[in-house]
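Right, one structure below, let's go through it.
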Amino acid sequence: MGNRGMEDLIPLINKLQDAFSSIGQSCNLDLPQIAVVGGQSAGKSSVLENFVGRDFLPRGSGIVTRRPLILQLVNNKAEYAEFLHCKGRKFVDFDEVRQEIEAETDRITGSNKGISPIPINLRVYSPHVLNLTLIDLPGMTKVAVGDQPPDIEHQIRDMIMQFISRESCLILAVTPANTDLANSDALKVAKEVDPQGLRTIGVITKLDLMDEGTDARDILENKLLPLRRGYIGVVNRSQKDIDGRKDIRAALAAERKFFLSHPSYRHMAERMGTPHLQKALNQQLTNHIRDTLPGLRSKLQSQLLSLEKEVEEYKNFRPDDPTRKTKALLQMVQQFGVDFEKCIEGSGDQVDTAELSGGARINRIFHERFPFELVKIVFDEKELRREISHAIKNVHGVRTGLFTPDLAFEAMVKKQVIKLKEPCLKCIDLVIQELINTVRQCTNKLGSYPRLREETERIVTTYVRERENKTKDQVLLLIDIELSYINTNHEDFIGFANAQQRNIVNKKRAIPNQGEILVIRKGWLTLNISIMKGGSKEYWFILTAESLSWYKDEEEKEKKYMLPLDNLKLRDVEKGFMSTKHIFAIFNTEQRNVYKDLRQIELACDLQEDMDSWKASFLRAGVYPEKDQVESEEAAPADTFSMDPQLERQVETIRNLVDSYIGIVNKTIRDLMPKTIMHLMINGAKDFIHSELLAYLYSSGDQNSLMEESADQAQRRDEMLRMYHAIKEALSIIGDISTSTVSTPAPPPVNDTWIPETSPTPQRRPPTSAPPPSRPPVLSLPVLSAWFLLMPSHVSICLMFSHLVLSSLFCLVSSCLFLS
């Protein structure tokens, strides 16, 4: 056939199909196949059995083929069959093949004659076959029987269209000779998807069952009802032969005798019969693969490039090699340490743009969440003054003091400093949680070795928990140090003289730069207002040291409102029943309207982190959260509010002193907390991972068990390597074939307007008109040019000269026939 190189490609196409099917994904390669299409009882299954030379397909009345059967024929010395869903099992008895097809069909579709588009993959090895890949499809029917759904006709049609619509699929249109060919369902659907007729091959069955005195000579000679690729006649076994288990080889001999002895077919007997059909299909499939080689090559190359990086680490891979396990363990622990440090310290490569993680989240805890927690314990003014009054009176005892007592100041300061323990411990807990999340994130790359991942996560998490206790002890020690000595000589402490002159009630908010407005934060917030007053809406907010303004959008051209920050405070608001947003409110401490006639405005964020960040920004602007009032004014003792002028001045002085000193302590704690946590916990964890983790892993158990691959990873590696090598082999063979094979050009177009165009579903492609029959057929120049360009130069010249001579003779004979 001149296409010997192609003989290696057809089995390789089968190999690619199996490789892609086994990993459960499509390679998006339209691999060439031959789909067998026809009505019920048209003889499709008999044609396939004649190809194989064995009885192996289910038989019966009505619809028998209920799932597509992808039949791969491979020329081989031994004869056996294999199913893709029964890996490793060879079927030598073909009766068992039939039973397995029936069982696998019923497993998906049940026994109620239903159909399914999920294919069954069967590969048959035999010395009696040529390399072919065929798809046996359910026969087209009109009427539902038994438990079949009413739309069974459309279901079968859609399934057939799913296969034959591909440009790479050849269509074997099977029609019995004892029916009207003009009404062939197979030819009708073939013309819908292949109006040019380039992919359609006609097969006429049951020639021996035609009425006496009639024959199909004109059809087989492609004169009556012509097809571009013509027709091939076959004679299958009758039902009596099948029931009598007539040998297929004997049936093929009888078929050969039928064509040689029949007066209407003897002159074309060499072009009829199952062996010739098999060779013709092999040649057509070979040519079809040859035509699709450029597109197939480019798709395979792109697929190979996408696999190259993943396969690189699998090359020369030996799972049980102890050297490889040791090397892999060292590399993975080292990479885990690098990834952990990058997550904490930040890195320019593979930056996550979706959300904050690792060190960025810890930074937010240090500089937004922790300061906010400190300010949340800001003193309630009435409660604080009441406590100071009690302290002064208790220090004086029965005497009336003339001077402000130092002991009252120290007692109040220590009481407020103790309150710092809770937010400090909460800060440590938040950092611990982020560290553990970072460890889990970094161990995701160890997923190929579940035991190693589990041990690494356990060891590092245990270490972090151990450092947690030490860090908390150190922080509590810092608080105790602050309590041990009240340093009234601190340079930032206002002292008694300044405290007496200071008036906290009329104190103005400090502005960082006089004459210059400091913008603290910008961003989108939702302003929650009742539906009657306009409803909730998003605005662009700008927070400065003096005011909160909001605009229509970020262009900041259309200002909606500006709210001064004087006498404002924050309070949390519970979520609504259907709300997913996080809400906080701003209100005026003097019970004045904040916005229009509203006593408070509610601002909403999508994320909790955004709300915490906005609260921290309001703290920087001097807007503090509301302190919960546990005691009502009515429950307060009367003597708390009846102070003499001297006591009132002493309370005011101590209040100012406490405020000044607590500000110094807060500043110190805010500075030391991140340093303490970084030194004792985060840097300690990094050092532990780099220097001690490997030793802990070795001591935790057997190295072989640590480096045991997961079953999914081993399967994925094997499938990836199999696909990779199959694609490389395919590209190698394609490279040889493209320059060493000869392909026969497609036949000239014919007038196939006789095929009816009406169908249950709309045509997928408009048919193109065929040239008039009076015009002699010629081969198109582009086809010849593409053909000859692939030949060696001396071969091309000889072939072109031969083709010109043959074309001239062909045109002369055609003209003579037309004139006669």
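A few notes on this one:
- At 0.692 mPa s and 37 °C, Stokes D of the range 196-323 from Kirkwood alpha-carbon radius, µm² per second: 176
- Of the accessible area of the range 517-625, computed with a 1.4 Å probe over protein heavy atoms only, carbon and sulfur atoms account for 49 percent.
- Electrostatic tally near residue 92: other residues with Cβ closer than 12 Å to its Cβ, Lys and Arg +1, Asp and Glu -1, net -2.
- Sequence-ordered 3J(HN,Hα) estimates for the range 543-559 from the Karplus curve with 6.51, -1.76 and 1.60 and θ = phi - 60° stand at 9, 10, 6, 10, 8, 10, 10, 9, 10, 5, 8, 6, 6, 6, 9, 9, 7 Hz, glycine and proline given as x.
- Rounded to the nearest 10 square angstrom, residue 109 shows an accessible area of 20 square angstrom against a 1.4 Å probe.
- Protection-proxy order for peptides 442-451, 713-722, each taking the mean of Cβ atoms within 10 Å per residue, highest first: 442-451, 713-722
- Theoretical FRET efficiency, 1/(1+(r/R0)^6), r = Cβ-Cβ of residue 96 and residue 143, R0 25 Å, to 0.05: 0.15
- Protein-only accessible surface order, largest first, of 729, 167 at 1.4 Å: 167, 729
- Members of 342/421; 421/675; 327/445 lying beyond 24 Å, as alpha-carbon distances in this model show: 342/421
- Cα gyration tensor shape for the range 517-625, rounded if a/c is under 1.5, else prolate or oblate: rounded
- With all protein chains modelled, accessible area of residue 208 [1.4 Å, Å²]: 70
- Positive minus negative residues near residue 253 (Lys, Arg vs Asp, Glu; Cβ under 15 Å): +1
- Listed by chain and number, the lysines whose C-alpha is less than 19 Å from the C-alpha of residue 559, apart from same-chain residues fewer than 8 away, are 522, 533, 537, 596.
- Judged by the mean number of other Cβ atoms found within 10 Å, the most tightly packed of the peptides 212-218, 430-436 leads the ranking 430-436, 212-218.
- Considering only beta bridges that DSSP places wholly inside the range 517-625, some 95 percent are antiparallel.
- Around residue 201: net Lys/Arg minus Asp/Glu count, Cβ-Cβ under 10 Å: +3
The values are calculated or read from the model by the stated rules, or taken from the named source; none is laboratory data. Small disclaimer: the values here were computed from a predicted structure and weren't measured. Ideal geometry is used to build each Cβ from the backbone, glycine not excepted, and the neighbour counts take in all protein chains shown. Just so you know, the surface numbers come from the protein's heavy atoms only, side chains and all, with ligands and any DNA or RNA stripped out. Shrake-Rupley method; radii C 1.70, N 1.55, O 1.52, S 1.80 Å.
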